[in-house]
Amino acid sequence: MNRFSKGVLWKGGLVLALLIGVLFVSTAHSQQPGNRILKYGFDATDIKTLDPHRATGSQDRILVEMVFNGLVRFNPGHLSPEAIEPDLAETWTVSADGREWVFHLKKGITWHPYEGTPGHELTSEDVVYSLKKAADPKRSAFSGSYIGVAFEAIDKYTVKISIERALSPILFLPRFANRGGGLVVCKGAFEDKGDEWCKTHPVGTGPFMFKSYTPQEKVELVANMNYFRGAPRLAGIEFFLMPEMISAELALQKGELDLMRGPRDQTWAEKMKMKPSIVVDAFPNPETIVAHFNMTVVPLNNIKVRQAIVHAMNLREYEAVYGPMVAKPIYSPVPAGLMVSGLTKKELSQKKVLYDFDIAKAKRLLTEAGYSKGFTIHSFTSKMLTIKKPYEVLQAQLRQIGIDLKLSVVDHSTYHANIRKNLNAITVYVCFRPNPDIILTQFFHSYSVVGTGKKPVTNFSHFGAVDADGDGVIDSIDNLIEAARIEVDPPKQIDYWKEAQIKILQYVVAIPLLNAGYLYARHPNVDYGYTQVAIADGFKPTENTKIAK
């Protein structure tokens, strides 16, 4: 039986042990409540919302994921479906046809008290209310994940979720985990106080409760002593909004902060390591940097030209811009080691779609394509350094083979507007997407072609709408993406996703550059409480986070 077998009964930590070989047993119940407040500096000007169904900024996500829970959760420090374990639900089953999932809630979980309202018990009515809200495009930024999904309270502690078409656990369970629309909100708080109040007064079931919010300064959380996994080891958290990095650095050195998120810059990390009593940590993150080739732009419509470009691109030079603590080369649109179906360098070599750095070969391919003297192309770049730096490296690399990449620097919002207007020859895009289906659909399905697709999103290459290899036939991986989406057997599903990515590289539609992680600086007495295997947005304290005496 494979690890994601259809119809499997998922039961607490036991099944997780079968999945990843680790039985997660919380020791929080035996811990004494902490008396230290964690002072956390974060590089953001302000929050936008603490309504978890609208929280899309990193600072907002970090805060709401400390306050709220999902039916299931990613084991702290993980983002893989294999690491999903019970959260508000203690067990769940799936029907034989894969279209009905039944979740059995843990009993005795209570909501945080708010404005004189005592913390009452979480029930199936809260879960159904929350999921219907998450599915409402007027009240949620994540409604697209719940199209064709129905929710029903069977009894006080049982919720049934019905889907029109069966999904594998890889695609189904993350939608109900402790991120985005999967975070469960308090029906009573929303009905009593309304959406606008809940935007800045979150009421959840998590290890930390909302205390106060000072705009452009900080958010304060306090320990939830009734947390169902046990009292937190911290008394609370002061989350400081500090867009000026130098201010955060000085505060950390003075002891006014316990930890801070730093820039993605190894030079900064080396500088901070020299400070007395400061520890610097690097955390992996599935966010990727990928260069997409616009195949409607001459001469990028010629596959030999695109092959020449990728042979002129030395991935190590992109890594050097950030430093090896921050950046790692990736070889497929889905990052290997951080997400299922990612392809390794060895796999691509075996499939003969690995484009080694080779200037001589790049020049030869340009000559064969009729561009021995090179050519000029144009692209916009954002002022944001995470995007601007890769463009500048690419510009220098292409100059070696006679290609002049003209760059126009604009603000970040203008950059996003322009690339969606099909104005770039090459688009460098930085993002995190939660699973291979979303990555491949949004960037490589014909429906997602910018400007002209039926559901235009971020297919900057126009793959699926053009002849990619010059044989007179439109090339597409739509069939592979769609076949993977409805495949309920995970190994087969993963094979479809891998085949789709191999074709992306065969046609030289895009070239993956880097996986960019996070850097944190802290005092040595800060104990994160868990290992950071792969995280999104930044470090999220849990009930096991502590400050040693």
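The values are calculated or read from the model by the stated rules, or taken from the named source; none is laboratory data. Worth saying up front: this structure is predicted, and the values here are computed from it rather than measured. Cβ coordinates were reconstructed from backbone atoms using ideal geometry, including for glycine residues, and neighbour counts include every protein chain displayed.
Would you pick out the residues in segment 463-484 that are under 24 Å from the mean Cα position of the chain (by Cα) and not in a helix (DSSP H, G or I)?
Phe463, Ile477 - these are the residues of segment 463-484 that are under 24 Å from the mean Cα position of the chain (by Cα) and not in a helix (DSSP H, G or I).
Filtering segment 426-458 to residues that are crowded, with 16+ Cβ neighbours inside 10 Å, touching a His at 6+ places or on another chain (Cβ under 9 Å) and either over 20 Å from Arg485 (Cβ atoms) or without any contact (Cβ under 8 Å) to a residue 24 or more places away in the chain (or both) leaves Ile426, Thr427, Val428, Tyr429, Val449, Val450, Gly453, Val457.
Annotation: Glu487 fulfils all but one of (1) touching a residue at least 24 places away in the same chain (Cβ under 8 Å); (2) under 22 Å from the mean Cα position of the chain (by Cα); (3) closer than 21 Å to Leu167 by Cβ; the unmet one is (2). For the residues Thr205, Thr200, the requirement of being touching a residue at least 24 places away in the same chain (Cβ under 8 Å), part of a loop (DSSP other than H, G, I, E, B) and surrounded by fewer than 16 Cβ atoms within 10 Å (Cβ to Cβ) singles out Thr200.
Among the residues of segment 85-118 satisfying the criterion of being of a type in the set (Gly, Ala, Ser) and under 23 Å from Ala231 (Cα atoms), which is nearest to the chain's Cα centre (by Cα)?
Only one residue fits best here, namely Ala89.
Kindly indicate which of Thr110, Thr91, Thr49, Thr117 is at pLDDT below 95 and surrounded by fewer than 22 Cβ atoms within 10 Å (Cβ to Cβ). Being at pLDDT below 95 and surrounded by fewer than 22 Cβ atoms within 10 Å (Cβ to Cβ) holds for just one of Thr110, Thr91, Thr49, Thr117, which is Thr117.
Of the residues examined, Val488 is not one that is part of a loop (DSSP other than H, G, I, E, B), of a type in the set (A, V, I, L, M, F, W, C) and under 27 Å from Met313 (Cα atoms).
Within the set Val409, Val393, the sole residue that is outside any helix (DSSP H, G or I), in contact with a helix residue (DSSP H, G or I) (Cβ under 9 Å, 6 or more places away or on another chain) and either on the phi < 0 side of the Ramachandran plot or not assigned by TED's automatic domain parsing to the domain that holds Ile170 (or both) turns out to be Val409. The sole residue among Leu338, Leu315, Leu241 that is of a type in the set (A, V, I, L, M), crowded, with 17+ Cβ neighbours inside 10 Å, in contact (Cβ under 8 Å) with a residue 60 or more places away in the chain and in contact with a Phe, Trp or Tyr (Cβ under 7 Å, 6 or more places away or on another chain) is Leu241. No other residue among Ala141, Ala153 is of a type in the set (Gly, Ala, Ser) and in contact (Cβ under 8 Å) with a residue 60 or more places away in the chain apart from Ala141.
Output yes when any residue across segment 414-435 is within 22 Å of Trp497 (Cβ to Cβ), of a type in the set (A, V, I, L, M, F, W, C) and in a helix (DSSP H, G or I), and no when none is. Checked segment 414-435: no residue is within 22 Å of Trp497 (Cβ to Cβ), of a type in the set (A, V, I, L, M, F, W, C) and in a helix (DSSP H, G or I).
Give the residue that is surrounded by the most Cβ atoms within 10 Å (Cβ to Cβ), with candidates limited to residues of segment 216-231 that are in contact (Cβ under 8 Å) with a residue 60 or more places away in the chain and more than 26 Å from the chain's Cα centre (by Cα).
Checking each candidate, the answer is Asn224.
Within the span defined as segment 215-224, every residue fails to be aliphatic (A, V, I, L, M), within 30 Å of Pro118 (Cα to Cα) and touching a His at 6+ places or on another chain (Cβ under 8 Å). For residues that are under 19 Å from Ile109 (Cβ atoms) and not polar (S, T, N, Q), scanning just segment 161-178, find the one that is surrounded by the most Cβ atoms within 10 Å (Cβ to Cβ). Checking each candidate, the answer is Phe176.
Within segment 291-311, identify whether any single residue is buried (at least 19 other Cβ atoms within 10 Å of the Cβ) and under 23 Å from Val533 (Cβ atoms), and answer yes or no. Within segment 291-311, none of the residues are buried (at least 19 other Cβ atoms within 10 Å of the Cβ) and under 23 Å from Val533 (Cβ atoms).
Matching residues to (1) within 27 Å of Thr452 (Cα to Cα); (2) more than 30 Å from the chain's Cα centre (by Cα); (3) in contact (Cβ under 8 Å) with a residue 12 or more places away in the chain:
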{"residue": "His378", "(1), (2), (3)": "yes, no, yes"}
{"residue": "Ser382", "(1), (2), (3)": "yes, no, yes"}
{"residue": "Gln395", "(1), (2), (3)": "no, no, yes"}
{"residue": "Gly402", "(1), (2), (3)": "no, yes, yes"}
{"residue": "Asp411", "(1), (2), (3)": "yes, no, yes"}
{"residue": "Ala417", "(1), (2), (3)": "yes, no, no"}
{"residue": "Asn422", "(1), (2), (3)": "yes, no, yes"}
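With respect to (1) over 30 Å from Val340 (Cβ atoms); (2) modelled with pLDDT under 95, the lone exception for Arg139 is condition (2).
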